[in-house]
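Down below is the structure, laid out as structure tokens.
Throughout, read-outs are computed from the coordinates displayed, never taken from laboratory work. Quantities reported herein were computed from a predicted structural model and do not represent experimental measurements. Note that we place each Cβ from the backbone using ideal geometry, even for glycine, and neighbour counts take in every protein chain shown.
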Amino acid sequence: MLAVFFGLTLQHVRIAPFAEVPLAIGVSLVLLRAHRRLQHRSNELVRGFGAIWLASFLLAGLPVLGLGLSTLGAHDPAQARESQIPASCDLQAAAAHLNGPDGLGDEPRVILTSIFYGSELLYRTDHKVLTGPYHRNDATILDTYDALTTPDDDVALSIVERREVDIVLLCPSQKEAVFFSSSAGETSLRERLLRGEAPAWLTPIAVPEAVGIQLWEVTS
């Protein structure tokens, strides 16, 4: 179990709790065996320091090791500044922009965006989203994916019209962007939008650069 979940944790940190359970069992067994071995030492000082060292190594050393591994894939802020793309999108700041009474906050809109942003946008704004990561409406999840990945603007428009979408919201630095990339020789709607190649039925909406998101209004 630990071998399987540790490998998955390296890909998706949210799976870490599943690796922690068998790891806790393993660490406990090691501590128990070590304690039994130390009890055979005649020197009480050796037993005491041995127990302290082993417990410190297992309980503190493993988190330090994990922290070190996590820094290997850390995003380089300098690289983000060079590319002019924020290291992440501030959905709280985006919500303030979406709630602005002089702009998009004048009435509820239906937002097409990554499913990973759906829940927070629902919480922070009065707008609607097609789906979210914990919303098991598979039809809208598939429509969201198909709309953002299709190389055909007409296909995307048919989904947008059927779902009555008003706004398209994208985060250029989204870590899950690989899921929305297209096959060789084609470009997805998401990729075209981020390149500034919006179809005629989408109009860009100005957003402060610090917020990190990009918005388009459906005008068809």
Segment 116-130 and segment 185-215: distance between their alpha carbon centers, rounded to Å:
19
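First select every other residue whose beta carbon is under 15 angstrom from the beta carbon of Thr203; then total the charges, Lys and Arg +1, Asp and Glu -1. If you can, show how the numbers build up before the last one.
On the way: positive: Arg109, Arg192; negative: Asp153, Asp166, Glu197, Glu217.
The answer is -2.
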Where does segment 2-72 land on the Kirkwood hydrodynamic radius, alpha-carbon pairs, in angstrom?
13.7
Under a point spin-label approximation (7 Å from Cα along Cα-to-Cβ), what is the Leu58-Val110 distance to one decimal in nm?
5.6
Of all the Cα-Cα pairs you can form in the chain, what percent are over 24 Å apart?
58
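With a length cut of 15 Å (Cα positions projected on each helix's long axis) and a Kyte-Doolittle mean of at least 0.5, go through the chain and give me the DSSP H helices that pass.
Details: long enough: 16-38 (32 Å, 0.93); 44-56 (18 Å, 0.94); 62-72 (16 Å, 1.75); 138-149 (16 Å, 0.15).
Once both thresholds are applied, what remains is 16-38, 44-56, 62-72.
Run the helix sum for the chain: -39,500 (n - 2.57) per DSSP H stretch of 4+ residues, divided by residue count, reported at 222 nm to the nearest 500 deg cm²/dmol.
Numbers: 10 runs with 107 residues, N = 220.
For the chain, the value works out to -14500 deg cm²/dmol.
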Mean separation of Cα contacts under 8 Å, 6 or more apart, over the residue count of the chain: relative contact order %
15
